[in-house]
Every structure is written in structure tokens, then in C-alpha cells.
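Data first, discussion second: the structure below is written as C-alpha cells.
Bear in mind that the values in this text are calculations on the coordinates, not laboratory data. Predicted model, so just to flag it, every value in this text is computed and none were measured. Cβ sites come from the backbone with ideal geometry, for glycine too, and all protein chains shown count toward neighbours.
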């Protein structure tokens with residue numbers, strides 16, 4: 001985990017950055033229900049097509065979405081990125097965090113022992 | 001998950017954004033081993049103190065790090081944010097993603113049925 005390649009690091013950067021916006025997370029939820037055009041994705045957000053396209057581009061660059069021209073519109077679907085690396089990193093962090101608490105508890109127990 | 005408050009959305013934005021940089025993820029790993037000063041955190045990265053402070057600020061704003069002045073230096077530790085919301089979101093996304101594959105498999109099975 002700690003010794004990651006530069007490429008894996010960049011992929012993880014892109015995935016976390018793509019998820020750091022509630023509009024983009026909303027697009028993913030929407031596409032989880034099935035493919036949708038840029039227009040269909042824009043409608044519930046009240047955004048312009050251009051504004052929404054930029055968000056889709058960020059998701060596409062991170063492998064979270066794929067798009068294809070279908071007739072006059074562009075159809076979007078969930079991409080190949082399953083977020084396993086993101087999940088592993090967050091799991092790893094939570095273990096670190098719990099260990100920190102274990103250390104704090106051990107310290108407080110030690111303190112209580114000294115005070116008695 | 002989908003019906004989140006604006007505040008929860010912003011917290012999630014901040015957490016994902018804070019994690020979207022390998023230097024910041026490295027700082028968290030380092031602090032998982034124990035508290036460290038800005039100087040100690042800067043050393044392995046080759047960054048300036050000012051550059052590193054900016055990353056620590058982003059982590060502090062997201063609740064991932066706390067800092068306190070100790071003598072002449074600023075000591076950093078892992079903060080109170082356990083990333084449970086980030087974990088829930090990623091879990092939720094992975095379920096969406098798997099369901100999408102289920103749908104695709106069902107479609108392919110149907111296609112095979114039609115071809116035979």
C-alpha cells in the first residue's frame with residue numbers, strides 16, 4: 001500500500017478527485033440505474049450541458065464512466081473502474097486510525113495505573 | 001446515502017479531495033506511526049515547510065489531522081475523521097457497479113438464448 005508505483009498513485013489521485021464533488025457522485029448514482037445521455041443527466045441538476053459535460057469528462061478520465069456517440073447524443077454508462085484501490089486505501093487508513101486509538105487507550109491505562 | 005444533507009455532502013467532498021493527493025496520503029501514513037512536526041513530515045518529501053503546511057491545512061480542514069503548537073514547532077496527529085462516510089459511499093458505489101454487471105450478464109444470457 002505504502003510502496004505504490006507512480007502510476008497507481010496517479011490513478012488513486014484521479015479516483016479520489018473525481019469523487020470529491022457531489023454532482024459527480026450524483027451522476028454515478030444515476031448511471032447505476034442505467035445508461036443516460038448528457039441531457040438526461042443534466043436535467044435533475046439544473047446545469048447547462050457544457051457544465052455537465054465537464055463533470056462527465058472528469059469521471060471518464062478516472063475510468064468511472066464511459067461515453068459513446070449514439071445518434072445525435074452522447075450516451076454515458078458506468079465505466080470499468082470498480083474503486084478497489086480506493087477501498088483498500090480507506091481500509092488501510094481505518095486500521096491506522098484504530099491503532100492510534102489503541103495506543104491512546106494503552107497510554108491512558110498506563111496513566112491511571114501511575115495515578116493510583 | 002442518496003438523500004444526504006448539504007453538510008454531509010460537503011464533508012464528503014472535503015474528505016475525498018483531501019485524499020486525492022499522494023503527498024497528503026503519505027502524511028496520513030506517517031502520522032499513523034505517531035505524532036510528527038511539520039519539519040519531520042517535510043523531510044522525506046523534500047518539500048519546503050510552507051508547501052507541506054498547505055497540505056497539512058487541507059487535511060486539518062477535512063478533520064483528518066489536528067495540529068497544536070508545541071514549543072517552537074507545530075505537532076500534527078491523526079484527527080477525529082474516521083472516513084466511515086467515504087467507506088459507505090465507496091461500498092454503495094461498488095454495489096451499483098456489481099448490479100450493472102448483473103444486468104449485463106442477464107442481457108448476454110438473453111442474447112445467447114435468442115441466437116440458439
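How many nanometers, to one decimal and shortest first, lie between the label point of residue B:95 and those of its other copies, if labels sit 7 Å from Cα toward Cβ?
2.5
Once the Cα atoms of helix A:22-32 and of chain A are each reduced to a long axis, what angle between those two axes, in degrees from 0 to 90 to the nearest 10, is obtained?
70 degrees
For peptide B:78-85, what's the mean number of Cβ atoms from other chains within 10 Å of each residue's Cβ?
For this peptide, the per-residue mean of nearby foreign Cβ atoms is 3.
If a/c stays under 1.5 just call it rounded; otherwise compare a/b with b/c (prolate if a/b is bigger, oblate if not). Do that for chain A, with a ≥ b ≥ c from the square roots of the Cα gyration tensor eigenvalues.
Numbers: a/c = 4.16, a/b = 2.66, b/c = 1.57.
Since a/c reaches 1.5 and a/b is larger than b/c, the shape of chain A is classed as prolate.
When Cβ neighbours within 10 Å are restricted to other protein chains, what is their mean count per residue of peptide B:58-66? Please list the in-between numbers first.
Values: counts 0, 0, 0, 0, 0, 0, 2, 0, 0.
Shielding by partners across B:58-66 averages 0.
Working from Cα positions, state the angle (0 to 90°, nearest 10) between the long axis of helix B:49-61 and the longest principal axis of chain B.
That helix lies at roughly 50 degrees to the long axis.
Considering every residue in A:37-50, what mean count of other chain Cβ atoms within 10 Å of its Cβ is obtained?
Rounded to a whole number, the mean comes out at 0.
In the stretch A:52-96, which residues have a backbone nitrogen under 12 Å from the label point lying 7 Å from residue B:87's Cα in the Cα-to-Cβ direction?
In the stretch A:52-96, the label zone of residue B:87 (backbone N under 12 Å from the point 7 Å along Cα→Cβ) covers A:87-96.
Counting other beta carbons within 10 Å of each residue's own, what order do A:54, A:69, B:53 fall into, fewest first?
A:69, A:54, B:53
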